[in-house]
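Below: the structure, in structure tokens.
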Amino acid sequence: MRYLIKRLAFLAFTLWLAVTLNFLIPRLMPGNPAQIMVQKLVGEGPVNPQLVRAVGIMLGLPRGTLWHQYVLYMHNLLHGNFGVSYTYFPYPVMSVVAQALPWTLILLGTTTIITFILGTSLGALAASRRGTWFDTTATITANFTATFPFFWTALMALYILGFVLHWFPQSGGYNAAMMPQWSSAFVISAVYHSILPALVIVLTGTGGWLFGMRNNMIHVLGEDYVRLATAKGLPRREIALAYGARNAILPNLTGFAMSLGTLVGGSILVETVFSYPGMGYLLFNAVGNSDYPLMQTIFLFITIGTLVANFIADILYGVLDPRTRRGGVSA
Amino acid sequence: MQRPVVSIEDVVVTYRSKRRRTALTSVQGMSLEVGAGEFVGLVGESGSGKSTLANAVLRLLTGGGEVDRGRVSFNGEDLLMLSEESLRTVRWRDIAVVLQSSMNALNPVATIRTQFRDVIRAHRRSSWSEQQVDADVSRLLSLVKIDPKYASAYPHELSGGMKQRVAIALALVLGPRLVIMDEPTTGLDVIIEHEILSDLRDLQRERGFAVLLISHDLGTVLEVADRVVVAYAGRIVEDRPAKALLNNPLHPYTRALLDCYADPGADQVRITYIPGQPPNMAALPPGCPFWPRCAEAEEKCQQGPVPPLTRLDGGGLVACHHAGAGTREGADPNLGRSGAVYVKSRANASASHHPVITVTGVYKTYRRNRLPLVALNDVSLTLPRGTVTALVGGSGSGKSTLARLITGMERPDRGTIRFDGRDIPRLGRRGLHAYRQHVQMVFQDPFAALNPMNTVGYTLLRPFVNYGRLSSTEAFKRVRQLLEQVGLTPADAFVGKRTSELSGGQAQRVVVAKALAVNPDVLVADEPISMLDVSIRAGILRLLDDLRAQRGFTLLYITHDLLSARLLADQVIVLHRGEIVEQGLAADVIQSPQHEYTRLLLRSIPNPRRRTLAAESKVSP
């Protein structure tokens, strides 16, 4: 319990710190977005300072003292008000993000979980059958798929499965002729569009988990307690699961929780290659268009996601590894 | 002997590495029987194959080890031939094991109770209800003197000694007929080791299971075992009842091992050490594997064949060309002392009154899990120049903490440590760097202290570079001199070797050489021999003693072992729970100890001549 409270307090503190830095850093950067916007409009010629001010007001550029701005910023933050997107003007940032987030969460969330489960189980299996044909095949295949650059695999898949064979659509998250809604036709279209990116993510991502798990597990299987478990006459399956995998998975869990945290920001590579309407695609566009409010919000989401994931990893570790817990009978 | 529970017949085990294309036959045909209810000790140095043999019995070999030949008969069946499933039922139900370093033998993520339960479940004792299991776990834990409330604890919440006791209780859960124990008390405090073995012996007698106790320490084994089997270089060289072996050891190796022990309380303490190194299984000489270290070796021994293990008229087995001649009682006591003799009598204690280091009123407290742990409580002592002080105590006595404070690695909470007019805890980084030229340290584990990737030459050059500012030819000359001084001759054979290629004794000599490279005034040696094989311990002690006589440094020797303290030290300081309980001249403290703790330490030293545990008298803890 004490552990939980301590972790929670730490989470709250880091969240506040991240939010504050997110407020300060853009203000320390040189440049005036209104100036840039006007400059873009008028080309090479002189800039009318009044026009700059007018555009600034339209975009909602901050005024007043830094402290005043900070209070206002925190107030807006707590009410989910992140300002107006420059790119998708006049839509507020929040609604732009709200549209992109589910796509990313569903595609990347599902594939991250599948990748982790698949990689970890295959790794555990390879380690407990070390040196057999299964182990050799699994490690060689994983080596092969994991070392190909993602974009190359993605482009090859797009070209062969999409362009040549026409098995899957080449871009987008759903049929562009449909409107996003909760109809079966739309859901089927969305799932159909997500198969190709999901396949490529799983194909390239599984190798890493497999290697991590296999190496941990081989190390754990060499431990004395595993040898003792064999001497105890426990069945092979139980030794591999309750003694081997149970201990070997611990270091991998941290990595898994971290990858869940960063997926809030989407995967720029995946989403740009497949023109998928998620957070990564959004971020890519925001950067390209100097859309500061949108960028700032996405960064904030990534930070919060990472911190929360870290928190969950800590709690999970506390539950699964008694050594990280304090106290006990001896205390 | 009673009908054997298990009989190991001519077992050969080879470790093969496919990748490196090597094969090392570490057990070269061992035969051994354990009778029902018998307590058998199997003794050998590193490389003797004792642990490999123990693992081969239940087919627990790892690292590419395979049984090439032989039988392990149990209940009329050959355990080496059983199917995996039939073997699984024999494991633990009939033959249980306690592994070397039980520190790590318990699953870290499961409670103690769970580890008992899974073995009960695996052997389908499903008729046992949950309450019955819990009651049984509590009973077994009480049997090994662990509070039953620890059943719900996790392994990391127990101390090393407690884990060892839990491992023993776990071995007994199904009521096995044989328990194989591989170095069950190595790494534990002497007092705790003594208590555990004493309790084990009582339990074994009470419940009637047989024990095969594997140890590197003949002294410990002789104290508890009914019969002792001595292994050397993958073969058994002597197998006889403990009492007969103690009174009349027949194999020169057994005799030499026994000579490594002595009564520290005698007026004249004398131990011998066996020359050379423990067997290198990759390069065994032809003939009897022991001949290069044997004082009695003849031509016959050197050319082979290997002397077979032969049954003697008076009972027992021995493998030596000379042993058949009969008993040696009344023979010249120096015969068979294969190495140099190390004698210390009362007289050669020297006294000096010029302190080189003065520790005054030192306190140190650590925090562990928010609980203060007092490591040192008002400790004051002086190290007189040019003498040897032994700092003696069990684990947790604070002796290593004191070493860290004296070498400036940590600072005390309170108190002063003076060297040459300077107060060490107040020195800054530069001051400490200069101070370390005067005070050097030798650690327990030589392999942990040396970088395995470096050569011996490079390792020893470092201190000259750090402190010496010597030209490279001059420095290399010094390195060779040092190597010769610590007995690594010819020096050129060692300069280019990686430290990972050395044996334990050689590595510790390199560590000593490294410490002496800067010509320190004070050498702090923290348990420098406790990780080494018994046969070469005296050699390192002798080396420290000789070097001190030659170079005149002051030695602070930290140990739990009063025998080595008696041999080496002029002054003995006994530390218990962070306080000095006794100090004085080595001979005085050890011959007439005043404090109860010193007496307990003395009683706990393995001393084969005493045989307290196997005999009827029992030592109260």
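Laid out as a table, the results:
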quantity: Any helices (runs of 4 or more DSSP H) falling wholly within the stretch A:252-331 and containing at least 1 residues that are within 14 Å of chain B (Cβ to nearest Cβ) and over 24 Å from residue A:151 (Cβ atoms); calculated: A:292-320
quantity: Boolean, residue B:136 is in a helix (DSSP H, G or I), of a type outside the set (Ser, Thr, Tyr) and within 10 Å of chain A (Cβ to nearest Cβ); calculated: no
quantity: Filter result for the condition that a residue is within 13 Å of chain A (Cβ to nearest Cβ), basic (Lys, Arg) and buried (at least 23 other Cβ atoms within 10 Å of the Cβ), over B:91, B:113; calculated: B:91
quantity: Single residue of A:229, A:240, A:198 found to be over 22 Å from residue A:100 (Cβ atoms), in a helix (DSSP H, G or I), modelled with pLDDT of 90 or more and more than 10 Å from every other protein chain (Cβ to nearest Cβ); calculated: A:240
quantity: Residues (exposed (fewer than 14 other Cβ atoms within 10 Å of the Cβ) and either over 22 Å from residue A:208 (Cβ atoms) or in contact with a Lys or Arg (Cβ under 9 Å, 6 or more places away or on another chain) (or both)) located in the stretch A:133-170; calculated: A:133, A:159, A:160, A:163, A:164, A:165, A:166, A:167
quantity: Within the stretch B:154-208, tally of residues that are polar (S, T, N, Q) and modelled with pLDDT of 85 or more; calculated: 3
quantity: Complete set of residues in the stretch B:223-242 that are at pLDDT 90 or above, closer than 25 Å to residue B:200 by Cα and not in a loop (DSSP other than H, G, I, E, B); calculated: B:224, B:227, B:228, B:229, B:230, B:231, B:238, B:239, B:240, B:241, B:242
quantity: Candidates B:373, B:391, B:381, filtered to the one that is more than 14 Å from every other protein chain (Cβ to nearest Cβ) and either buried (at least 22 other Cβ atoms within 10 Å of the Cβ) or more than 19 Å from residue B:557 (Cα to Cα) (or both); calculated: B:391
quantity: Residue within the stretch A:157-171 that is of a type outside the set (Lys, Arg), over 18 Å from residue A:274 (Cβ atoms) and part of a helix (DSSP H, G or I) present; calculated: no
quantity: Filter result for the condition that a residue is within 20 Å of residue A:323 (Cα to Cα), within 9 Å of chain A (Cβ to nearest Cβ) and crowded, with 17+ Cβ neighbours inside 10 Å, over B:99, B:158, B:170; calculated: B:158
quantity: Answer residue from the stretch B:60-86, given it is under 21 Å from residue A:131 (Cβ atoms) and in contact (Cβ under 8 Å) with a residue 12 or more places away in the chain and is farthest from the other protein chains (Cβ to nearest Cβ) among those; calculated: B:68
quantity: Elements of type strands (runs of 3 or more DSSP E) in the stretch B:370-481, at least 1 residues being free of Cβ contacts under 8 Å to residues at least 12 places away in the same chain; calculated: B:371-384
quantity: From the options A:81, A:143, A:76, residue that is of a type in the set (S, T, N, Q) and within 30 Å of residue A:219 (Cα to Cα); calculated: A:143
quantity: Yes/no for residue A:224 being within 14 Å of chain B (Cβ to nearest Cβ), of a type in the set (D, E, K, R) and in contact with a helix residue (DSSP H, G or I) (Cβ under 9 Å, 6 or more places away or on another chain); calculated: yes
quantity: Criterion: in contact with a strand residue (DSSP E or B) (Cβ under 7 Å, 6 or more places away or on another chain) and either more than 30 Å from residue B:313 (Cβ to Cβ) or touching a residue at least 12 places away in the same chain (Cβ under 8 Å) (or both) - qualifying residue of B:217, B:199, B:189, B:226; calculated: B:226
quantity: Index of the failed condition, residue B:115 passing every other in (1) part of a helix (DSSP H, G or I); (2) in contact with a strand residue (DSSP E or B) (Cβ under 6 Å, 6 or more places away or on another chain); calculated: (2)
quantity: So residue B:481, is it out of contact with any Asp or Glu (no Cβ under 9 Å at 6 or more places or on another chain), crowded, with 18+ Cβ neighbours inside 10 Å, at negative phi and not hydrophobic (A, V, I, L, M, F, W, C); calculated: no
quantity: Where residue B:131 falls short, out of the listed (1) within 12 Å of chain A (Cβ to nearest Cβ); (2) part of a helix (DSSP H, G or I); (3) surrounded by fewer than 20 Cβ atoms within 10 Å (Cβ to Cβ); calculated: (1)
quantity: Filter result for residue B:121 (within 12 Å of chain A (Cβ to nearest Cβ) and within 31 Å of the chain's Cα centre (by Cα)); calculated: no
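The values are calculated or read from the model by the stated rules, or taken from the named source; none is laboratory data. The structure presented is a predicted model; accordingly, all values stated were derived computationally and were not measured. Virtual Cβ from ideal backbone geometry, glycine too; neighbours counted across all protein chains shown.
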